[in-house]
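Student: Okay, handing you the structure first.
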Amino acid sequence: PAGGGGVLQVSVGNTVLTDATAGKLQLQFGGEGPTAPVTLVSADAVAKTSVLSATVPAFDCDTCTLFDGSGTVSMRLAYSEDSSVVTAADFTFWAPPLVVAARFDTSGLRVIIQFDQQTTGAGEVACASLLDSSPTAGGLAASLGAGARCVWSADSVSLVVHLGTGASLSPSHSLTLVASAGVKSANGVSAAAGGAAFIVAKPAVSVAPELTVTGTTRVDECTSLELLAEATAARPATFFWRCSNDEAFDQYLRSQSGGALSLGDGTPQLQTSDKTYDVTVRAVDFLGGETRTAALAVHKSSVPTPRIVFTPPSLSITRDAEAIIMGEAFFSSCPVDTSALSFQWSQAAGPTTVPA
């Protein structure tokens, strides 16, 4: 292991050493790397071999570099006094797996934890046996959500956390790999990884959520206003409502962060009748993805006005597909004549091809 501490035995051929001679030798790891004294374990005069033992030093020096979790150097058995070499062989230090990246995927439903090397991790494991979210409120269960699953990638380089229901983990939150999980280098030589916290980042590529807004935009002095903005996000988004041409209504909208905008009968927040209020709404999800800004012209009339609702409220179809759109009218809450209504349809924009 790169942290040192392991006991290494070295067999030296064509040499029969004594305790006195062994006491003058040392193992040197790399040209300017760490060294370790050796002791004689055994010497066989017939086979002309000697076995030496040493405690492996930590791989910690100015020239000690690791690549993909390991560093291979020339290990030389040499005399301490003049560094003359008796024999040499390659030796590889293995560091504990290190988390090099942890980030949400674009869906916001998974966190990919990537290590600097292949590990001993395999298959699906209990998240609680690998990760800790302290001091996050509610602990790991609240952070990852109910039913969260942790699955190692096929090459054992990445751990995929499938977040569960109600997960609270967000970008900039931290997780810790539990040392007792025993995650080591793939060959099992390194010490176990763990103990250091790492930060979970946003997705490498941000995907903007889609925004849809439904509801009527025409009211009178008796009816209510119901608008619903929805964003395609893994968790409830934060909505930003604004009005650019009415300061009082804009102040009210700034206090609203949900997708549903509901103004009661008479819409008292719309203080001026026969006015069109220029309303906008956008949403930001927990990953920082921002929707387009939708613009709405909300008109309050002093004359009782029927409210029209389309079903479906919006529609996207291919060129040759058949579409059925229903318009339904609701009478004003004001005292009005409720006799039968006649409908007149028109197209506001876009090309039209009328069947022959």
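Student: What distance in nm lies between label points placed 7 Å from Cα along the C-beta direction at Val46 and Asp155?
Tutor: So the label points at Val46 and Asp155 sit 5.1 nm apart.
Student: Still on this structure, I have one more. Collect residues whose amide H, placed 1.01 Å from N in the peptide plane, falls under 5 Å from the amide H of Arg218; neighbours closer than 5 in sequence don't count.
Tutor: His299
Student: As I understand it, the dipole of the stretch 123-238 uses +1 on the Cβ of Lys and Arg and -1 on the Cβ of Asp and Glu, about the Cα centre. Which of Leu227, Leu177, Ser206 lies farthest toward its positive end?
Tutor: Leu177
Student: Using a 1.4 angstrom probe and counting only protein chains, how large is the accessible area of Leu98 in Å², to 10?
Tutor: 100 Å²
Student: Quick check for me: using +1 on Lys/Arg Cβ and -1 on Asp/Glu Cβ, what's the dipole size of the stretch 187-299 about its Cα centre, in debye to the nearest 20?
Tutor: With only Lys, Arg, Asp and Glu charged at Cβ, the dipole is about 600 debye.
Student: Further question on the same structure: When the helices in the chain are scored as -39500 (n - 2.57) per DSSP H run of 4 or longer and the sum is shared across all residues, what 222 nm value do you end up with, to the nearest 500 deg cm²/dmol?
Tutor: It comes out at -1000 deg cm²/dmol, rounded to the nearest 500.
Student: Once the piece of chain linking Thr65 and Ile324 is laid out straight, how much longer is it, given 0.36 nm per residue of separation minus the C-alpha distance between them?
Tutor: Answer, rounded to one decimal: 86.4 nm.
Student: Which order do the peptides 333-339, 260-266 come out in when sorted by mean C-beta neighbours inside 10 angstrom, highest first?
Tutor: In decreasing order of mean packing, 333-339, 260-266 become 260-266, 333-339.
Student: Rounded if a/c is under 1.5, else prolate if a/b beats b/c, else oblate: with a ≥ b ≥ c from the C-alpha gyration tensor eigenvalues square-rooted, which is the stretch 213-327?
Tutor: Verdict is oblate for the stretch 213-327.
Student: Between Ser206 and Gln256, what FRET efficiency comes out of the Förster formula 1/(1 + (r/R0)^6) with R0 = 25 Å and r the beta carbon distance, rounded to 0.05?
Tutor: Between Gln256 and Ser206 the formula returns 0.50.
Student: With the chain treated as a Gaussian network of Cα nodes joined by springs under 10 Å, which of Phe331, Phe29, Phe286 yields the largest mean-square fluctuation?
Tutor: Phe331
Student: Could you work out the local net charge near Glu221, counting Lys and Arg as +1, Asp and Glu as -1, over the other residues with Cβ closer than 11 Å to its Cβ?
Tutor: Computed value for this residue: -2.
Student: Sticking with this one: What is the projected area of the convex hull of the Cα atoms of the stretch 1-56, averaged over all directions, in nm²?
Tutor: 4.0 nm²
Student: Sequence neighbours fewer than 8 away in the same chain don't count; with that in mind, list the lysines whose C-alpha is under 26 Å from Lys275.
Tutor: Hits, sequence-local ones excluded: Lys300.
Student: Something else: Taking the Cα atoms of the stretch 17-96 alone, what are Rg (to one decimal) and Dmax (as a whole number) in Å?
Tutor: 13.7, 43
Student: Further question: Can you give me the C-alpha center-to-center distance between the stretch 23-37 and the stretch 235-306, rounded to a whole angstrom?
Tutor: Using only Cα atoms, the two centres lie 74 Å from each other.
Student: Here is a further query. Using a 1.4 Å probe on the protein chains only, how many percent of the accessible area of the stretch 98-158 belongs to carbon and sulfur?
Tutor: C and S fraction of accessible area: 57 percent.
Student: Starting from the Kirkwood radius over alpha-carbon pairs of the stretch 119-254, derive D by Stokes-Einstein at 20 °C in a medium of 1.002 mPa s and give it in µm² s⁻¹.
Tutor: After rounding, the answer is 114 µm²/s.
Student: Given [x] 30.5; [y] 20.6; [z] 19.2, which label gives mean projected area of the Cα convex hull in nm² as computed from the coordinates?
Tutor: It is the value labelled [x].
Student: Tell me the label-point distance for the pair Thr72, Thr293, using the 7 Å Cα-to-Cβ offset, in nm and rounded to one decimal.
Tutor: Each label point lies 7 Å from its Cα, and together they span 5.9 nm.
Student: Of Asp320, Asp82, Asp250, which is the most mobile in a GNM of the chain whose springs link Cα atoms less than 10 angstrom apart?
Tutor: Answer for the Gaussian network model of the chain: Asp320.
Student: DSSP loop GluC sites (Glu not before Pro) in the stretch 276-356 with at most 13 other Cβ atoms within 10 Å of their Cβ, which ones?
Tutor: Those satisfying the criteria are Glu322.
Student: Within the stretch 259-288, list the residues whose amide N lies under 15 Å from a label point set 7 Å along Cα→Cβ of Arg242.
Tutor: Taking a point 7 Å out along Cα→Cβ of Arg242, the residues of the stretch 259-288 whose backbone N falls under 15 Å are 278-284.
Student: Continuing with this model, one more query. Which net charge results for the neighbourhood of Ser70, defined as the other residues with beta-carbon distances under 14 angstrom from its beta-carbon, given Lys and Arg at +1 and Asp and Glu at -1?
Tutor: -2
Student: How much accessible area per residue does the stretch 180-297 have, in Å², with a 1.4 Å probe?
Tutor: Each residue of the stretch 180-297 exposes 49 Å² on average to a 1.4 Å probe.
Student: Of the heavy-atom accessible surface of the stretch 212-264 (probe 1.4 angstrom), what whole percent is carbon and sulfur?
Tutor: The nonpolar share, carbon plus sulfur, comes to 47 percent.
Student: Now, a different point. Straight distance only, please: which aspartates and glutamates reach the Cα of Lys184 with their own Cα at less than 17 Å, same-chain residues fewer than 8 apart left out?
Tutor: By straight Cα distance, Lys184 reaches Asp68, Asp116, Glu124, Asp155.
Student: Follow-up question, since we're still on this one. Run the dipole for the chain about the Cα centre, Lys and Arg Cβ at +1, Asp and Glu Cβ at -1, nothing else charged, and hand back the magnitude in debye, nearest 20.
Tutor: Dipole magnitude for the chain comes out near 260 debye.
Student: Something else: Could you let me know the centre-to-centre spacing of the stretch 190-225 and the stretch 150-184, using Cα atoms, in angstrom?
Tutor: Using only Cα atoms to place each centre, the spacing works out to 21 Å.
The values are calculated or read from the model by the stated rules, or taken from the named source; none is laboratory data. Computed from a predicted structure; not experimentally measured. Neighbour counts are summed over all protein chains in view; Cβ atoms, including those assigned to glycine, are modelled from backbone coordinates with ideal geometry. Just so you know, the surface numbers come from the protein's heavy atoms only, side chains and all, with ligands and any DNA or RNA stripped out. Shrake-Rupley method; radii C 1.70, N 1.55, O 1.52, S 1.80 Å.
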